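The values are calculated or read from the model by the stated rules, or taken from the named source; none is laboratory data. Model, not experiment: these values are computed from the prediction. Here the Cβ is made from the backbone with ideal geometry for all residues, glycine too, and neighbour counts use every protein chain on show.
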Amino acid sequence: MNHVDHSAITGRGAVFHAFVTDAGALDGASRNAMIDTMFALFANRDYAALYAAQVVSLLGTGLMTVALGLLAYDLAGDGAGMVLGIAFTIKMLSYVGLSPVAQALAQRLPRKPVLVGADLVRVAVALCLPFVTQVWQVYVLIFVLQSASATFTPAYQAILPDLLPDEGDYTRALSLSRLAYDLENLLSPAIAALLLTVTGFSMLFAGTALGFAVSAVLVGWAAIPPLSPEASMRPFRERLVRGTRIYLATPRLRGLLALNFAAAAASAFVLVNTVVLVRGAMAGDEADLALAMAAFGAGSMAAALALPRLVERLPDRGVMMAGAATLVMLCLGLALRMGVAGLPGWPVFLAVWAAFGLAYSAVLTPSGRLLRRSAHPADRPAIFAAQFALSHACWLITYPLAGWAGEALEMAAALGILGALALVGVLVAWRLWPAGEPLELFHDHPELPPHHPHLYAHGAVDGEVRRHAHVFVIDDLHPVWPRQG
């Protein structure tokens, strides 16, 4: 059996050492206490309802993914791959292009009807899909469904920091959300396979519709904090670009975007090419493919469980940089190994895929904490929509690149290219996101009149002593990030 030296992966840096310790070496009592603390959030009835809505919605989406592949084959035969490729491209384009537009329109509407309405649109589309007879009809329905998802998801994500104002509770909610995505990846294919033993694939769309309908009911049951009226008073054009403007003007969020790209570059190879490696190069069967993806999911879940405790002791930047650097080392190290000696043995391969999942989750899970502290409550829907759109723009680049490179080049070369792109993302993030930058920043306001309330609120007397410090976010009074030192 071939072996990979993991010391280069797990031994560099105190941050990653601490992460591995928390993720894999907790004693039973510590692990149980951590899980108990996390699941204590469900004592909050409204959060419990919204989380359950997320879970059933994700399960419905997972069933639809399986059903859509079978529908594409039914309509296009050997051209099903092209149909699915176009459908998923439509999905990404909808996410990138429509999410900011949807949130700008929704800011003048109550939050709950927006979420319920998006779910009901998705129910209608899921019920229509079994009756399509032409490929173009699939494209139209997918566009409508993903437009509704581009409305629902960032709006849902922006509610959680308002519902859970304590940062520790919100961090645990982010971990639970990550767990929901990973469990969906594991459970949806199994549920779909079980249903297909007793019914046709069209009934999977009924299961999708049921998931969205239950989500709508649960959202309707929850008490959702209202959105600040301040946001709805702005002109449409300002609402449309405000989230992206805040995002790109905030150094930590520019760093987050670069880390999103690094995570997308590394993980796109796993998500696109695992089937080629397992079924082709390793001559595995469908069960082996499921096991490989389960290893990736298990690593991600381990990270999600460890992160609430870890970010209490280490800064978000250190955790996320360590995760991204680990993705780079995994990509480049495995590419070198594949180029020289081929794929590692099956147990090591599963361990590497689990490490991919762990590092991927370490990059993405804390991102909500950065968004939460980078905008006022009124601007959170806009900034979450910007994150949704910009992060999916990264996937829109790396998904097709992973597919093309994996087919046109050797797999080692494809992985090396994606690893190099991930390295660029890490270096850009290192440059854009300064280490140790405090939340409270010194700055002044030469443009404000001497008796402006903001100056008096921060210690100015008769317009003097204009320089002051407070928790700094981009807003109408602070359109530019101040230079320090």
Tell me, which helices (runs of 4 or more DSSP H) wholly within the stretch 369-485 include 1 or more residues that are under 24 Å from the mean Cα position of the chain (by Cα) and among the hydroxyl-bearing types (Ser, Thr, Tyr)? 380-408
Is there a residue being surrounded by fewer than 18 Cβ atoms within 10 Å (Cβ to Cβ), touching a residue at least 40 places away in the same chain (Cβ under 8 Å) and among the hydrophobic types (A, V, I, L, M, F, W, C) anywhere in the stretch 365-383? no
Please verify whether Leu174 is at pLDDT 90 or above, at negative phi and touching a Gly at 6+ places or on another chain (Cβ under 6 Å), treating the condition exactly as stated. yes
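Every residue, every condition in (1) in contact with a Ser or Thr (Cβ under 9 Å, 6 or more places away or on another chain); (2) among the hydroxyl-bearing types (Ser, Thr, Tyr); (3) in a helix (DSSP H, G or I); (4) modelled with pLDDT under 90, yes or no:
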| site | (1), (2), (3), (4) |
| --- | --- |
| Arg108 | yes, no, no, yes |
| Pro113 | no, no, yes, no |
| Ala118 | yes, no, yes, no |
| Thr133 | no, yes, no, yes |
| Pro161 | no, no, yes, no |
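Quickly run through the stretch 193-208 and pick out the residues that are farther than 19 Å from Gln54 by Cβ, part of a helix (DSSP H, G or I) and either modelled with pLDDT of 90 or more or aliphatic (A, V, I, L, M) (or both).
Residues satisfying the conditions are Ala193, Leu194, Leu195, Leu196, Met203, Leu204, Phe205, Ala206.
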Mind listing just one residue for me: the one in the stretch 47-93 that is in contact with an Asp or Glu (Cβ under 9 Å, 6 or more places away or on another chain) and of a type outside the set (A, V, I, L, M, F, W, C) and, of those, farthest from Ala222 (Cα to Cα)? Gly62
Residue within the stretch 315-327 that is without any contact (Cβ under 8 Å) to a residue 40 or more places away in the chain and of a type in the set (A, V, I, L, M, F, W, C) present: no
Which count do you get for residues in the stretch 428-446 that are surrounded by 13 or more Cβ atoms within 10 Å (Cβ to Cβ), over 12 Å from Thr250 (Cα atoms) and at pLDDT 90 or above? 3
Heads up, the helices (runs of 4 or more DSSP H) in the stretch 209-320 (entirely inside) with at least 2 residues that are under 27 Å from Trp353 (Cβ atoms) are 251-276, 286-310
I'm trying to understand the selection: among the residues of the stretch 237-267, which are in contact (Cβ under 8 Å) with a residue 24 or more places away in the chain and more than 18 Å from Gln387 (Cβ to Cβ)? Ala266
Exactly one of Ala72, Ala76, Ala102, Ala87 is among the small types (Gly, Ala, Ser) and in contact with a Ser or Thr (Cβ under 8 Å, 6 or more places away or on another chain), and that residue is Ala102
